[in-house]
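Every number here is computed from the coordinates shown, using simple stated rules; none is lab data. These numbers were taken from a predicted model, which means no experiment stands behind them. Backbone-built Cβ (ideal geometry, glycine too); neighbour counts: all protein chains shown.
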Amino acid sequence: MKVGVLGAGTMGAGIAQVAAQSGHEVVLVDLNEGVLEKAKFGLAGVLSRMIEKGKLSKEKATHIQNAIHYATSMTAFEDCGLVIEAIIENLEVKNKVFEQLETIVSSECILASNTSSLSIASIGSALKKSDRIIGIHFFNPAPLMPLVEIIPAVQTSAATLEKSKLLIAEWKKTGVVCKDTPGFIVNRVARPFYGEALRIYEEGIADFATIDWAMTAIGGFKMGPFTLMDYIGNDVNYAVTESVFASFYFDPRFKPSFTQKRHKEAGFYGRKTGRGYYDYSEGTAAIKPNEDQKIGEYIFKRILVMLINEAVDAVFMNVASPQDVDLAMTNGVNYPKGLLKWGDELGLEEVLLQLEDLFAEFGEDRYRPNPLLRKMARENRKFFN
Ligand SMILES: NC(=O)c1ccc[n+]([C@@H]2O[C@H](COP(=O)([O-])OP(=O)(O)OC[C@H]3O[C@@H](n4cnc5c(N)ncnc54)[C@H](O)[C@@H]3O)[C@@H](O)[C@H]2O)c1
């Protein structure tokens, strides 16, 4: 089957590589010829590094390169069985493009979007035959990150979902199916990793370096929240937080932080601007954390129980199965352990007690324990045996 990818930016170029590596003929389309050139050049670089490391043969690399065809018009998608859209995150633009796309491809062609924040239902509304719309959400960098969220919209047919699941498995990715709800799994469940860290900082409990130390040295996370936000970019991370908050009808659990907003407003985006929560200019010494075990434990536990509560909510609201929620967080954002498994290990009753303490202390809805957590703790149940 020929696979089409629309948009040759960060995500589109990576998705095209994944499809070509799995043996498909790929058509990569972008309006901008310069972007296509960059994608082609970038792929050549990636493949030669893989050859150097002995991960790929020269023949296979040539095969992958020859399998991708570059074009500036969507008419090149004519005989594709699947087209994945990865253009600008704007509903109006995506709707226009999907409407046009439908006039080019056959009625059998599956039409997927890689959107991070728009609903798949709203993107599919532009189609006449809307049962072929689906969300296929890769993580950056697509060739390296194993997770793919597969999101059927209310319009999506069972056949479209099944074919998409099969394909993602053939591409040797970890596919998790989730409901068409804001942030899907990862961008929803991960919110407290940033939000609660920022809140702890705002309360004056610890500085950025100490919170990062607590989450890495005690929690076992690969990166602390502030290092990670600086890596993602505070502009991007703040925009996702605002969008999730608004999409959840302003549920206080997802309330954005002034600290992050001010950093964004100041242009302190993180690594890409040389300054975020940390200063990345040359010669700047790293800030030493306060390695006080008691404070560290408090920080880690407080963020962890908030994350577990959010993971439980995703199960409670049938966004995804417990297995898929845990797979998403370990494969999509490299968490050291699935959050539900972590909850089982800590004891769900203990998690509940800690949340109840926070709720009693602050009196804020943000800390309300999830009803499923209460029920499972009461019944002494676990998510996994
Ligand atoms: N960057 C990430 O980490 C990430 C992760 C997951 C999902 N996403 C989603 O993937 C999509 C693309 O994001 P990105 O970061 O790759 O963006 P990007 O800006 O790097 O690339 C977008 C590309 O689309 C092209 N484009 C815009 N309009 C077009 C049109 N009408 N026809 C053809 N090409 C067009 C642009 O020229 C650009 O090259 C967005 O929906 C985003 O939300 C991004």
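About the Cα centre of segment 2-177, how large is the charge dipole given +1 on each Lys and Arg Cβ and -1 on each Asp and Glu Cβ? Please answer in debye to the nearest 20.
560
In segment 2-177, what % of DSSP beta bridges are antiparallel (nearest 5)?
15
Taking only C-alpha pairs under 8 Å that are 6+ residues apart, what is the relative contact order of segment 25-134 in percent?
Relative contact order of segment 25-134: 25 percent.
Could you tell me whether segment 187-385 comes out rounded, prolate or oblate from its Cα gyration tensor? Rule is a ≥ b ≥ c as square roots of the eigenvalues, rounded for a/c under 1.5, then prolate if a/b exceeds b/c, otherwise oblate.
Cα axes put segment 187-385 in the prolate bin.
Where both residues lie in the chain, what percent of DSSP beta bridges are antiparallel, nearest 5?
Counting only bridges with both partners in the chain, antiparallel ones make up about 25 percent.
Out of the DSSP beta bridges found with both residues in segment 129-218, what percent are antiparallel (nearest 5)?
So the antiparallel bridges in segment 129-218 amount to around 55 percent.
Asp292 versus Asp357, label points 7 Å from Cα toward the beta carbon: distance in nm?
Once both label points are built, they end up 1.6 nm from each other.
Output wanted: per-residue J couplings in Hz (rounded whole) for segment 74-86, from phi through Karplus 6.51 cos²θ - 1.76 cosθ + 1.60, θ = phi - 60°, x for Gly and Pro.
5, 4, 5, 7, 2, 9, 7, x, 8, 10, 9, 8, 9
I need to check one value: relative contact order of segment 187-385, counting alpha carbon pairs closer than 8 Å and at least 6 residues apart, in percent.
23
Amide H to amide H under 5 Å from Ile110: which residues, 5+ apart in sequence or cross-chain, H placed 1.01 Å off N in plane?
Amide H neighbours of Ile110, under 5 Å, 5+ apart: Leu82, Val83.
Using the structure shown, list the pairs from Lys94/Lys128; Lys222/Lys301; Lys94/Lys261 with a Cα-Cα distance above 18 Å, or answer none. Walk me through the numbers on the way to the answer.
Numbers: Lys94/Lys128 15 Å; Lys222/Lys301 16 Å; Lys94/Lys261 28 Å.
Table pairs above 18 Å Cα-Cα are Lys94/Lys261.
Report, in debye and to the nearest 20, how large the dipole of the chain comes out about its Cα centre when Lys and Arg carry +1 and Asp and Glu carry -1 on their Cβ.
Working: 43 positive and 48 negative charges, 117 e Å.
The dipole of the chain has a size of about 560 debye.
Give a quick list of trypsin sites (Lys or Arg not before Pro) in segment 1-86 that DSSP marks as loop, anything other than H, G, I, E or B, with at most 13 other Cβ atoms within 10 Å.
The qualifying sites are Lys53, Lys55.
Towards the positive end of the charge dipole of the chain, with charges on Cβ (+1 Lys, Arg; -1 Asp, Glu), say which of Leu167, Pro336, Gly276 has the farthest Cα.
Working it through, the farthest residue towards the positive pole turns out to be Leu167.
Can you work out ³J(HN,Hα) from phi for every residue in segment 362-371, in order, using Karplus 6.51 cos²θ - 1.76 cosθ + 1.60 and θ = phi - 60°, giving whole Hz and x for Gly and Pro?
9, x, 10, 4, 3, 9, 5, x, 5, x
Taking square-rooted eigenvalues a ≥ b ≥ c of the alpha carbon gyration tensor, is segment 2-177 rounded, prolate or oblate, where a/c under 1.5 means rounded and, failing that, a/b exceeding b/c means prolate?
It comes out prolate by the Cα gyration axes.
Can you classify the chain as rounded, prolate or oblate using the Cα gyration tensor, where a ≥ b ≥ c are the square roots of its eigenvalues, rounded means a/c under 1.5, and otherwise it's prolate if a/b beats b/c and oblate if not?
Because a/c hits 1.5 or more and a/b exceeds b/c, the chain counts as prolate.
Would you order Asp131, Asp251 from fewest to most other beta-carbon atoms within 10 Å of each residue's own beta-carbon?
Ordered by Cβ neighbours within 10 Å, fewest first: Asp251, Asp131.
Under 5 Å between amide hydrogens, which residues at least 5 positions from Glu25 or on another chain qualify, with H placed 1.01 Å from N in the peptide plane?
Val3
Which whole-Hz couplings ³J(HN,Hα) result when phi for each residue of segment 198-205 is put into the Karplus expression 6.51 cos²θ - 1.76 cosθ + 1.60, θ = phi - 60°, listed in order with x for Gly and Pro?
With coefficients 6.51, -1.76 and 1.60, one gets 5, 5, 4, 4, 5, 6, x, 6 Hz.
Report the relative contact order of the chain, percent, no decimals, based on alpha-carbon pairs under 8 angstrom and at least 6 residues apart.
Dividing the mean separation by the residue count of the chain yields 12 percent.
Could you pull out every residue, at least 5 positions away or on a different chain, whose amide H is within less than 5 Å of the one on Val177? Hs are placed 1.01 Å off N in the peptide plane, and Pro or chain starts have none.
For Val177, whose amide H was placed from the backbone, the distant partners under 5 Å are Ile150.
So, counting K/R as plus one and D/E as minus one, what does the shell of residues with Cβ under 14 Å around Asn290 add up to?
That works out to -3.
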